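Below: one structure, written as C-alpha coordinates.
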Amino acid sequence: MKDGEERVSLAGGQGARTSVAGLAILLLCLSRVAWGEPVTVIRDNGDPANRVDMVVLGDGYTAGELGKYATDVETFVQGTFAQEPFKEYARYFNVHRVDVVSNESGADHPEREPPVFKDTALDATYNCAGIQRLICVDVSKINTVVSRSLSAAARDVIVVLVNDVEYGGSGGAVAVASVHPAVVELVLHELGHSFGLLADEYGGPPPPACNASVEPVEANATKETKRELIKWTSWIDLSTPIPTPGPDPGVPGLYEGARYCDTGLHRPTYNSKMRSLGPSYEQINTEQLVKRVYNWASPIDAVEPSASTVVLSQGQSQTFDAHVLQPATHSLTVVWRLDGQLAGTGSQYVLDASSLTAGTHVLKVKVKDHTTFVRSDPASVLREVWTWDVTVVGMPDLVETAVTSPPATAVPGSNRARSKSVRPG
(Lines give C-alpha, C1' and ligand atoms only; values in the text may rest on other atoms or scores of the structure.)
Protein backbone atom coordinates (compact mmCIF):
# COMPACT_ATOMS: atom_id res chain seq x y z
CA MET A 1 0.00 0.00 0.00
CA LYS A 2 2.84 2.36 0.69
CA ASP A 3 4.06 2.09 -2.94
CA GLY A 4 0.58 2.83 -4.20
CA GLU A 5 0.33 5.90 -2.00
CA GLU A 6 3.67 7.17 -3.31
CA ARG A 7 2.59 6.70 -6.94
CA VAL A 8 -0.57 8.71 -6.38
CA SER A 9 1.42 11.53 -4.80
CA LEU A 10 3.94 11.60 -7.65
CA ALA A 11 1.25 11.53 -10.29
CA GLY A 12 -0.67 14.38 -8.73
CA GLY A 13 2.29 16.62 -8.04
CA GLN A 14 2.16 19.53 -5.59
CA GLY A 15 -1.52 20.13 -6.16
CA ALA A 16 -2.36 16.65 -5.00
CA ARG A 17 -0.30 17.12 -1.86
CA THR A 18 -2.11 20.38 -1.15
CA SER A 19 -5.49 18.73 -1.65
CA VAL A 20 -4.62 15.90 0.68
CA ALA A 21 -3.40 18.35 3.31
CA GLY A 22 -6.54 20.43 2.92
CA LEU A 23 -8.69 17.33 3.25
CA ALA A 24 -6.85 16.38 6.44
CA ILE A 25 -7.49 19.83 7.93
CA LEU A 26 -11.15 19.65 6.92
CA LEU A 27 -11.53 16.22 8.52
CA LEU A 28 -9.87 17.51 11.68
CA CYS A 29 -12.29 20.43 11.86
CA LEU A 30 -15.27 18.17 11.21
CA SER A 31 -14.01 15.83 13.91
CA ARG A 32 -13.91 18.69 16.43
CA VAL A 33 -17.46 19.69 15.49
CA ALA A 34 -18.66 16.08 15.72
CA TRP A 35 -16.90 15.21 18.94
CA GLY A 36 -16.98 18.53 20.74
CA GLU A 37 -14.51 19.96 23.20
CA PRO A 38 -11.81 17.78 24.85
CA VAL A 39 -13.09 15.94 27.93
CA THR A 40 -10.98 14.56 30.78
CA VAL A 41 -12.51 12.18 33.33
CA ILE A 42 -10.82 13.29 36.54
CA ARG A 43 -12.87 11.09 38.90
CA ASP A 44 -13.93 7.72 37.50
CA ASN A 45 -16.04 5.63 39.89
CA GLY A 46 -18.00 3.48 37.49
CA ASP A 47 -20.71 3.28 34.87
CA PRO A 48 -22.29 6.70 34.18
CA ALA A 49 -25.66 4.95 33.97
CA ASN A 50 -25.56 4.53 37.75
CA ARG A 51 -23.44 7.43 38.98
CA VAL A 52 -24.00 11.12 39.51
CA ASP A 53 -21.95 12.57 36.69
CA MET A 54 -20.64 16.04 37.42
CA VAL A 55 -19.44 18.13 34.50
CA VAL A 56 -17.16 21.11 35.04
CA LEU A 57 -16.74 23.73 32.32
CA GLY A 58 -14.71 26.91 32.37
CA ASP A 59 -15.54 30.32 30.96
CA GLY A 60 -13.10 33.12 30.35
CA TYR A 61 -10.10 30.81 30.02
CA THR A 62 -7.99 31.37 26.90
CA ALA A 63 -6.01 28.59 25.23
CA GLY A 64 -2.94 29.72 27.14
CA GLU A 65 -4.82 29.46 30.47
CA LEU A 66 -6.00 25.86 30.21
CA GLY A 67 -3.30 24.78 32.65
CA LYS A 68 -4.64 27.26 35.20
CA TYR A 69 -8.13 26.01 34.44
CA ALA A 70 -7.15 22.39 35.16
CA THR A 71 -5.66 23.50 38.48
CA ASP A 72 -8.76 25.52 39.37
CA VAL A 73 -10.99 22.52 38.64
CA GLU A 74 -8.86 20.20 40.74
CA THR A 75 -8.96 22.66 43.64
CA PHE A 76 -12.73 22.79 43.40
CA VAL A 77 -13.13 18.99 43.16
CA GLN A 78 -10.83 18.27 46.10
CA GLY A 79 -12.57 20.89 48.22
CA THR A 80 -16.03 19.65 47.31
CA PHE A 81 -15.41 16.01 48.17
CA ALA A 82 -13.70 16.96 51.43
CA GLN A 83 -17.06 18.04 52.89
CA GLU A 84 -20.15 16.06 53.83
CA PRO A 85 -22.19 14.55 52.40
CA PHE A 86 -20.08 14.57 49.23
CA LYS A 87 -17.17 13.05 51.16
CA GLU A 88 -19.20 10.04 52.31
CA TYR A 89 -20.70 9.50 48.85
CA ALA A 90 -17.69 10.37 46.69
CA ARG A 91 -17.75 6.90 45.06
CA TYR A 92 -21.22 7.64 43.74
CA PHE A 93 -19.83 10.44 41.52
CA ASN A 94 -17.88 10.72 38.31
CA VAL A 95 -16.34 14.08 37.45
CA HIS A 96 -15.66 15.23 33.89
CA ARG A 97 -13.64 18.31 32.97
CA VAL A 98 -14.52 19.92 29.65
CA ASP A 99 -11.87 22.22 28.19
CA VAL A 100 -13.75 25.20 26.78
CA VAL A 101 -11.56 27.88 25.19
CA SER A 102 -12.53 31.57 25.23
CA ASN A 103 -11.11 34.30 23.02
CA GLU A 104 -10.57 36.57 26.02
CA SER A 105 -9.83 36.08 29.69
CA GLY A 106 -12.32 37.01 32.42
CA ALA A 107 -16.01 37.96 32.42
CA ASP A 108 -18.30 40.90 31.64
CA HIS A 109 -18.66 43.65 34.26
CA PRO A 110 -21.40 45.96 32.95
CA GLU A 111 -21.63 47.63 36.39
CA ARG A 112 -18.14 49.11 36.16
CA GLU A 113 -17.32 52.55 34.85
CA PRO A 114 -16.48 52.22 32.06
CA PRO A 115 -18.25 48.87 31.49
CA VAL A 116 -16.06 45.86 30.79
CA PHE A 117 -17.07 43.28 28.20
CA LYS A 118 -15.13 40.15 27.33
CA ASP A 119 -15.46 37.76 24.42
CA THR A 120 -15.94 34.46 26.26
CA ALA A 121 -17.35 31.14 25.16
CA LEU A 122 -20.25 30.99 27.63
CA ASP A 123 -20.96 34.74 28.03
CA ALA A 124 -20.38 34.97 31.79
CA THR A 125 -21.51 38.34 33.15
CA TYR A 126 -21.68 39.88 36.60
CA ASN A 127 -24.50 42.18 37.74
CA CYS A 128 -27.13 39.84 36.35
CA ALA A 129 -30.66 41.10 37.14
CA GLY A 130 -29.05 44.12 38.74
CA ILE A 131 -27.36 42.05 41.49
CA GLN A 132 -23.63 42.73 41.30
CA ARG A 133 -22.53 39.36 42.74
CA LEU A 134 -24.90 37.37 40.52
CA ILE A 135 -23.09 35.81 37.54
CA CYS A 136 -25.19 34.67 34.61
CA VAL A 137 -24.05 32.44 31.77
CA ASP A 138 -25.65 31.39 28.49
CA VAL A 139 -27.29 28.09 29.41
CA SER A 140 -28.11 27.27 25.78
CA LYS A 141 -24.41 27.49 24.88
CA ILE A 142 -23.56 25.30 27.87
CA ASN A 143 -26.10 22.70 26.80
CA THR A 144 -24.67 22.73 23.28
CA VAL A 145 -21.15 22.13 24.58
CA VAL A 146 -22.04 19.28 26.93
CA SER A 147 -24.39 17.59 24.45
CA ARG A 148 -21.70 17.37 21.78
CA SER A 149 -18.96 16.41 24.25
CA LEU A 150 -20.65 13.92 26.59
CA SER A 151 -23.37 11.29 26.42
CA ALA A 152 -26.72 12.01 28.06
CA ALA A 153 -25.84 9.61 30.92
CA ALA A 154 -22.63 11.50 31.71
CA ARG A 155 -23.95 15.01 32.34
CA ASP A 156 -26.17 15.10 35.41
CA VAL A 157 -24.78 18.08 37.34
CA ILE A 158 -23.13 21.01 35.57
CA VAL A 159 -20.73 23.46 37.18
CA VAL A 160 -19.18 26.48 35.45
CA LEU A 161 -16.02 28.09 36.84
CA VAL A 162 -15.58 31.68 35.69
CA ASN A 163 -12.02 32.93 35.38
CA ASP A 164 -12.53 36.09 37.43
CA VAL A 165 -11.28 36.67 40.99
CA GLU A 166 -14.18 38.92 42.02
CA TYR A 167 -16.68 37.19 44.29
CA GLY A 168 -19.80 35.98 42.47
CA GLY A 169 -21.89 33.05 41.32
CA SER A 170 -25.40 31.69 40.81
CA GLY A 171 -27.50 28.56 41.11
CA GLY A 172 -30.40 27.13 39.13
CA ALA A 173 -30.01 24.56 36.35
CA VAL A 174 -26.27 25.26 36.36
CA ALA A 175 -24.03 26.09 39.32
CA VAL A 176 -21.77 29.06 38.52
CA ALA A 177 -18.88 30.44 40.58
CA SER A 178 -15.94 32.73 40.10
CA VAL A 179 -12.41 31.75 41.15
CA HIS A 180 -12.55 33.97 44.21
CA PRO A 181 -10.60 32.44 47.16
CA ALA A 182 -13.94 31.27 48.55
CA VAL A 183 -14.60 29.30 45.35
CA VAL A 184 -15.17 25.94 47.05
CA GLU A 185 -17.62 27.35 49.58
CA LEU A 186 -19.32 29.33 46.85
CA VAL A 187 -19.72 26.30 44.58
CA LEU A 188 -20.96 24.15 47.48
CA HIS A 189 -23.58 26.80 48.22
CA GLU A 190 -24.62 26.93 44.57
CA LEU A 191 -24.69 23.13 44.35
CA GLY A 192 -27.13 23.29 47.23
CA HIS A 193 -29.40 25.12 44.81
CA SER A 194 -28.72 23.38 41.49
CA PHE A 195 -28.16 19.83 42.77
CA GLY A 196 -29.93 19.82 46.13
CA LEU A 197 -32.88 22.04 45.13
CA LEU A 198 -32.39 23.93 48.40
CA ALA A 199 -33.44 27.49 49.16
CA ASP A 200 -31.31 30.32 50.46
CA GLU A 201 -31.75 30.61 54.22
CA TYR A 202 -31.20 34.34 54.58
CA GLY A 203 -33.66 37.21 54.56
CA GLY A 204 -33.71 40.63 52.88
CA PRO A 205 -33.35 43.22 51.69
CA PRO A 206 -34.39 42.46 48.10
CA PRO A 207 -33.60 41.51 45.44
CA PRO A 208 -34.70 38.73 45.24
CA ALA A 209 -38.14 39.53 46.57
CA CYS A 210 -39.69 37.97 49.66
CA ASN A 211 -42.88 35.95 49.23
CA ALA A 212 -44.17 34.50 52.49
CA SER A 213 -47.72 33.94 51.25
CA VAL A 214 -47.17 30.42 49.88
CA GLU A 215 -45.38 27.36 51.21
CA PRO A 216 -41.93 27.07 49.61
CA VAL A 217 -41.27 23.95 47.55
CA GLU A 218 -37.73 23.60 48.90
CA ALA A 219 -36.97 21.14 51.70
CA ASN A 220 -35.31 23.75 53.92
CA ALA A 221 -37.87 26.56 54.07
CA THR A 222 -41.41 26.68 55.43
CA LYS A 223 -44.12 29.02 56.61
CA GLU A 224 -45.59 26.22 58.76
CA THR A 225 -45.40 26.76 62.53
CA LYS A 226 -47.16 23.64 63.85
CA ARG A 227 -44.49 21.24 65.07
CA GLU A 228 -46.07 18.11 63.62
CA LEU A 229 -46.48 19.68 60.17
CA ILE A 230 -42.96 21.07 59.76
CA LYS A 231 -41.17 19.34 56.88
CA TRP A 232 -38.18 18.44 59.02
CA THR A 233 -40.09 17.58 62.21
CA SER A 234 -38.28 14.23 62.53
CA TRP A 235 -35.10 16.19 63.28
CA ILE A 236 -36.57 18.44 65.98
CA ASP A 237 -36.26 17.27 69.58
CA LEU A 238 -39.39 17.61 71.69
CA SER A 239 -37.45 19.82 74.08
CA THR A 240 -36.66 22.33 71.31
CA PRO A 241 -39.07 25.29 71.40
CA ILE A 242 -41.08 26.21 68.32
CA PRO A 243 -40.29 28.79 67.03
CA THR A 244 -36.64 28.43 68.01
CA PRO A 245 -34.81 31.50 69.29
CA GLY A 246 -31.19 30.39 68.67
CA PRO A 247 -28.34 30.96 68.22
CA ASP A 248 -27.41 27.34 68.97
CA PRO A 249 -25.36 25.90 66.08
CA GLY A 250 -26.39 22.49 64.82
CA VAL A 251 -29.70 22.36 66.70
CA PRO A 252 -32.62 21.68 64.30
CA GLY A 253 -35.69 23.76 65.02
CA LEU A 254 -37.74 26.52 63.43
CA TYR A 255 -35.70 29.68 62.97
CA GLU A 256 -37.34 32.76 61.51
CA GLY A 257 -35.85 34.17 58.33
CA ALA A 258 -35.44 32.26 55.06
CA ARG A 259 -35.81 32.51 51.30
CA TYR A 260 -35.27 36.30 51.28
CA CYS A 261 -37.86 36.92 54.02
CA ASP A 262 -36.85 38.22 57.44
CA THR A 263 -40.25 37.23 58.81
CA GLY A 264 -42.98 34.82 57.73
CA LEU A 265 -40.67 32.04 56.51
CA HIS A 266 -38.45 29.77 58.59
CA ARG A 267 -35.25 27.76 58.15
CA PRO A 268 -34.26 24.51 59.91
CA THR A 269 -31.05 25.56 61.72
CA TYR A 270 -29.64 28.82 62.99
CA ASN A 271 -26.86 28.83 60.39
CA SER A 272 -25.76 26.60 57.52
CA LYS A 273 -24.00 26.71 54.17
CA MET A 274 -27.26 27.85 52.60
CA ARG A 275 -27.22 30.94 54.82
CA SER A 276 -23.53 31.85 54.85
CA LEU A 277 -20.23 30.51 53.54
CA GLY A 278 -18.18 28.43 55.95
CA PRO A 279 -20.60 26.37 58.07
CA SER A 280 -21.63 22.82 57.18
CA TYR A 281 -24.88 22.11 55.36
CA GLU A 282 -26.31 20.91 58.69
CA GLN A 283 -28.76 18.03 59.13
CA ILE A 284 -31.79 18.89 57.01
CA ASN A 285 -29.83 20.08 53.99
CA THR A 286 -27.48 17.10 54.21
CA GLU A 287 -30.45 14.75 54.25
CA GLN A 288 -31.83 16.40 51.13
CA LEU A 289 -28.49 16.16 49.33
CA VAL A 290 -28.17 12.44 50.11
CA LYS A 291 -31.65 11.81 48.76
CA ARG A 292 -30.74 13.75 45.63
CA VAL A 293 -27.70 11.48 45.17
CA TYR A 294 -30.04 8.50 45.20
CA ASN A 295 -32.27 10.14 42.61
CA TRP A 296 -29.49 9.33 40.13
CA ALA A 297 -27.66 6.37 41.65
CA SER A 298 -29.41 3.18 42.68
CA PRO A 299 -27.85 1.34 45.63
CA ILE A 300 -27.80 -1.75 43.37
CA ASP A 301 -25.07 -1.22 40.84
CA ALA A 302 -25.53 -4.49 38.92
CA VAL A 303 -26.90 -8.00 39.38
CA GLU A 304 -25.97 -11.50 38.19
CA PRO A 305 -27.71 -13.15 36.49
CA SER A 306 -28.82 -10.03 34.67
CA ALA A 307 -31.92 -11.73 33.24
CA SER A 308 -35.02 -11.41 35.41
CA THR A 309 -36.13 -14.99 34.67
CA VAL A 310 -34.08 -18.08 35.49
CA VAL A 311 -34.84 -21.74 34.78
CA LEU A 312 -33.30 -24.47 36.97
CA SER A 313 -33.74 -28.19 37.26
CA GLN A 314 -34.28 -29.63 40.73
CA GLY A 315 -30.73 -30.90 40.77
CA GLN A 316 -29.12 -27.53 40.11
CA SER A 317 -27.93 -24.61 42.17
CA GLN A 318 -27.46 -21.03 41.02
CA THR A 319 -25.37 -18.22 42.47
CA PHE A 320 -27.00 -14.79 42.56
CA ASP A 321 -24.93 -11.65 43.08
CA ALA A 322 -25.93 -8.10 43.97
CA HIS A 323 -23.15 -5.60 43.36
CA VAL A 324 -23.88 -2.59 45.56
CA LEU A 325 -22.46 0.89 45.81
CA GLN A 326 -20.28 1.57 48.82
CA PRO A 327 -20.19 4.82 50.82
CA ALA A 328 -16.90 5.78 52.42
CA THR A 329 -17.46 4.70 56.02
CA HIS A 330 -20.59 2.54 56.24
CA SER A 331 -22.04 -0.42 54.38
CA LEU A 332 -25.44 -0.95 52.82
CA THR A 333 -27.64 -3.80 54.07
CA VAL A 334 -28.41 -6.60 51.60
CA VAL A 335 -31.29 -8.99 52.38
CA TRP A 336 -32.49 -11.94 50.24
CA ARG A 337 -36.02 -13.32 50.37
CA LEU A 338 -37.31 -16.43 48.63
CA ASP A 339 -41.08 -16.62 48.24
CA GLY A 340 -41.39 -13.93 50.88
CA GLN A 341 -39.27 -15.72 53.49
CA LEU A 342 -35.89 -14.51 54.72
CA ALA A 343 -33.25 -16.53 52.85
CA GLY A 344 -29.96 -14.79 53.52
CA THR A 345 -27.91 -11.63 53.81
CA GLY A 346 -24.82 -10.31 52.10
CA SER A 347 -23.96 -9.57 48.50
CA GLN A 348 -24.22 -13.18 47.30
CA TYR A 349 -26.86 -15.89 47.61
CA VAL A 350 -26.69 -19.51 46.39
CA LEU A 351 -30.08 -20.97 45.52
CA ASP A 352 -30.23 -24.78 45.80
CA ALA A 353 -33.14 -25.91 43.62
CA SER A 354 -33.07 -29.46 45.01
CA SER A 355 -35.06 -28.28 48.00
CA LEU A 356 -37.71 -26.51 45.94
CA THR A 357 -40.91 -27.80 44.42
CA ALA A 358 -41.40 -27.66 40.69
CA GLY A 359 -42.94 -24.42 39.53
CA THR A 360 -42.20 -20.71 39.76
CA HIS A 361 -40.53 -19.13 42.78
CA VAL A 362 -39.78 -15.48 43.47
CA LEU A 363 -36.33 -14.42 44.67
CA LYS A 364 -35.84 -10.82 45.79
CA VAL A 365 -32.83 -8.90 46.98
CA LYS A 366 -33.37 -5.66 48.88
CA VAL A 367 -30.53 -3.20 49.36
CA LYS A 368 -30.91 -0.24 51.70
CA ASP A 369 -28.75 2.58 52.96
CA HIS A 370 -29.32 3.10 56.68
CA THR A 371 -27.19 6.23 56.84
CA THR A 372 -27.64 8.45 59.87
CA PHE A 373 -27.73 11.38 57.46
CA VAL A 374 -31.35 10.54 56.58
CA ARG A 375 -34.30 10.22 58.95
CA SER A 376 -37.16 10.71 56.50
CA ASP A 377 -37.34 8.92 53.15
CA PRO A 378 -41.02 8.75 52.15
CA ALA A 379 -40.16 8.02 48.49
CA SER A 380 -37.82 5.14 49.51
CA VAL A 381 -35.01 6.40 47.29
CA LEU A 382 -32.41 4.92 49.67
CA ARG A 383 -33.57 1.38 48.99
CA GLU A 384 -33.85 -0.82 45.90
CA VAL A 385 -35.41 -4.21 45.26
CA TRP A 386 -34.47 -6.54 42.41
CA THR A 387 -36.66 -9.53 41.55
CA TRP A 388 -36.01 -12.80 39.74
CA ASP A 389 -38.69 -15.27 38.69
CA VAL A 390 -37.10 -18.70 39.15
CA THR A 391 -38.80 -21.61 37.40
CA VAL A 392 -37.86 -25.02 38.76
CA VAL A 393 -38.44 -28.03 36.51
CA GLY A 394 -38.45 -31.65 37.66
CA MET A 395 -35.48 -33.96 37.10
CA PRO A 396 -35.86 -35.61 33.68
CA ASP A 397 -36.26 -39.39 33.45
CA LEU A 398 -32.91 -41.09 32.79
CA VAL A 399 -34.24 -42.74 29.61
CA GLU A 400 -35.59 -39.44 28.33
CA THR A 401 -32.27 -37.78 29.06
CA ALA A 402 -30.53 -40.15 26.64
CA VAL A 403 -32.72 -39.17 23.72
CA THR A 404 -33.71 -35.59 24.39
CA SER A 405 -31.85 -32.38 24.84
CA PRO A 406 -30.85 -31.47 28.40
CA PRO A 407 -33.07 -29.20 30.46
CA ALA A 408 -32.60 -25.44 30.12
CA THR A 409 -30.24 -23.86 32.58
CA ALA A 410 -29.70 -20.27 33.54
CA VAL A 411 -26.60 -18.67 32.12
CA PRO A 412 -25.32 -15.88 34.36
CA GLY A 413 -25.32 -12.61 32.48
CA SER A 414 -22.62 -10.00 32.46
CA ASN A 415 -22.70 -7.06 34.86
CA ARG A 416 -25.19 -4.49 33.68
CA ALA A 417 -25.91 -1.26 35.52
CA ARG A 418 -29.48 -0.11 35.12
CA SER A 419 -30.49 3.02 33.32
CA LYS A 420 -30.83 5.96 35.69
CA SER A 421 -34.52 6.23 34.81
CA VAL A 422 -35.40 2.57 35.52
CA ARG A 423 -36.16 1.27 38.99
CA PRO A 424 -37.30 -2.38 38.69
CA GLY A 425 -38.48 -4.23 41.71
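The values are calculated or read from the model by the stated rules, or taken from the named source; none is laboratory data. Here the structure is a predicted model, which means the values were calculated and not measured. In this analysis, Cβ positions are derived from the backbone assuming ideal geometry, glycine residues included, and neighbour counts consider all displayed protein chains.
Here is a list: Val187, Val176, Val139, Val116. Which entry is among the β-branched types (Val, Ile, Thr) and in contact (Cβ under 8 Å) with a residue 60 or more places away in the chain? Break it down stepwise before answering.
Working: Val176 fails: in contact (Cβ under 8 Å) with a residue 60 or more places away in the chain; Val139 fails: in contact (Cβ under 8 Å) with a residue 60 or more places away in the chain; Val116 fails: in contact (Cβ under 8 Å) with a residue 60 or more places away in the chain.
Exactly one of Val187, Val176, Val139, Val116 is among the β-branched types (Val, Ile, Thr) and in contact (Cβ under 8 Å) with a residue 60 or more places away in the chain, namely Val187.
If the Cβ limit is 8 Å and pairs must be 6+ apart or interchain, which residue in region 280-298 that is surrounded by fewer than 24 Cβ atoms within 10 Å (Cβ to Cβ) and in a loop (DSSP other than H, G, I, E, B) pairs with which residue that is among the hydrophobic types (A, V, I, L, M, F, W, C) and at pLDDT 95 or above?
Final answer for the pair search is none.
All but one of (1) part of a loop (DSSP other than H, G, I, E, B); (2) on the phi < 0 side of the Ramachandran plot; (3) surrounded by fewer than 19 Cβ atoms within 10 Å (Cβ to Cβ); (4) over 25 Å from the mean Cα position of the chain (by Cα) hold for Gly250; which doesn't?
Unmet for Gly250, out of (1) part of a loop (DSSP other than H, G, I, E, B); (2) on the phi < 0 side of the Ramachandran plot; (3) surrounded by fewer than 19 Cβ atoms within 10 Å (Cβ to Cβ); (4) over 25 Å from the mean Cα position of the chain (by Cα): (2).
Mind checking whether some residue in region 165-187 is crowded, with 22+ Cβ neighbours inside 10 Å and part of a helix (DSSP H, G or I)?
Within region 165-187 (the criterion being crowded, with 22+ Cβ neighbours inside 10 Å and part of a helix (DSSP H, G or I)), the answer is yes, since at least one residue qualifies.
As an exercise: evaluate Pro206 against (1) surrounded by 14 or more Cβ atoms within 10 Å (Cβ to Cβ); (2) out of contact with any Pro (no Cβ under 8 Å at 6 or more places or on another chain) and give the number of the one condition it does not meet.
If we test Pro206 against (1) surrounded by 14 or more Cβ atoms within 10 Å (Cβ to Cβ); (2) out of contact with any Pro (no Cβ under 8 Å at 6 or more places or on another chain), just (1) comes out false.
Step by step: first the residues of region 190-207, then only those that are in contact (Cβ under 8 Å) with a residue 40 or more places away in the chain and charged (D, E, K, R), then the one that is nearest to Leu254 (Cα to Cα). Which residue is that?
Glu201
When you scan region 71-92, do you find a residue that is of a type in the set (Phe, Trp, Tyr) and out of contact with any helix residue (DSSP H, G or I) (no Cβ under 7 Å at 6 or more places or on another chain), even just one? So that I can check it myself, show each step before the final result.
Kept after step one, since they are of a type in the set (Phe, Trp, Tyr), are these residues of region 71-92: 76, 81, 86, 89, 92.
Now restrict to residues that are out of contact with any helix residue (DSSP H, G or I) (no Cβ under 7 Å at 6 or more places or on another chain): none.
Within region 71-92 (the criterion being of a type in the set (Phe, Trp, Tyr) and out of contact with any helix residue (DSSP H, G or I) (no Cβ under 7 Å at 6 or more places or on another chain)), the answer is no, since none of the residues qualifies.
Could you tell me which of the residues Leu312, Leu289 is within 25 Å of Val183 (Cβ to Cβ) and of a type in the set (A, V, I, L, M)? Reasoning before the result, please.
On the way: Leu312 fails: within 25 Å of Val183 (Cβ to Cβ).
Among Leu312, Leu289, only Leu289 is within 25 Å of Val183 (Cβ to Cβ) and of a type in the set (A, V, I, L, M).
Mind checking which pairs have a first residue in region 328-357 that is assigned by TED's automatic domain parsing to the domain that holds Asn45 and a second that is of a type outside the set (A, V, I, L, M), Cβ under 8 Å, 6 or more apart or different chains?
Correct list of pairs: empty, since none qualify.
Of the numbered conditions (1) in contact with a helix residue (DSSP H, G or I) (Cβ under 9 Å, 6 or more places away or on another chain); (2) at positive phi; (3) of a type outside the set (Ser, Thr, Tyr), Ala129 fails exactly one; give the number of that condition.
Against the list (1) in contact with a helix residue (DSSP H, G or I) (Cβ under 9 Å, 6 or more places away or on another chain); (2) at positive phi; (3) of a type outside the set (Ser, Thr, Tyr), Ala129 comes up short only on (1).
Is it the case that region 255-263 has a residue that's outside the structural domain of Ala129 (by TED's automatic domain parsing), assigned to a loop (DSSP other than H, G, I, E, B), over 29 Å from Phe86 (Cβ atoms) and among the polar types (S, T, N, Q)? I'd like the intermediate steps shown before the answer.
To start, the set of residues in region 255-263 that are outside the structural domain of Ala129 (by TED's automatic domain parsing) comprises 255-263.
Then drop every residue that is not assigned to a loop (DSSP other than H, G, I, E, B), which leaves 259-260.
Of the ones still in play, those that are also over 29 Å from Phe86 (Cβ atoms) are none.
Within region 255-263, none of the residues are outside the structural domain of Ala129 (by TED's automatic domain parsing), assigned to a loop (DSSP other than H, G, I, E, B), over 29 Å from Phe86 (Cβ atoms) and among the polar types (S, T, N, Q).
If a residue must be closer than 21 Å to Asp339 by Cα, surrounded by 15 or more Cβ atoms within 10 Å (Cβ to Cβ), at pLDDT 95 or above and not β-branched (Val, Ile, Thr), how many such residues does region 376-415 contain?
4
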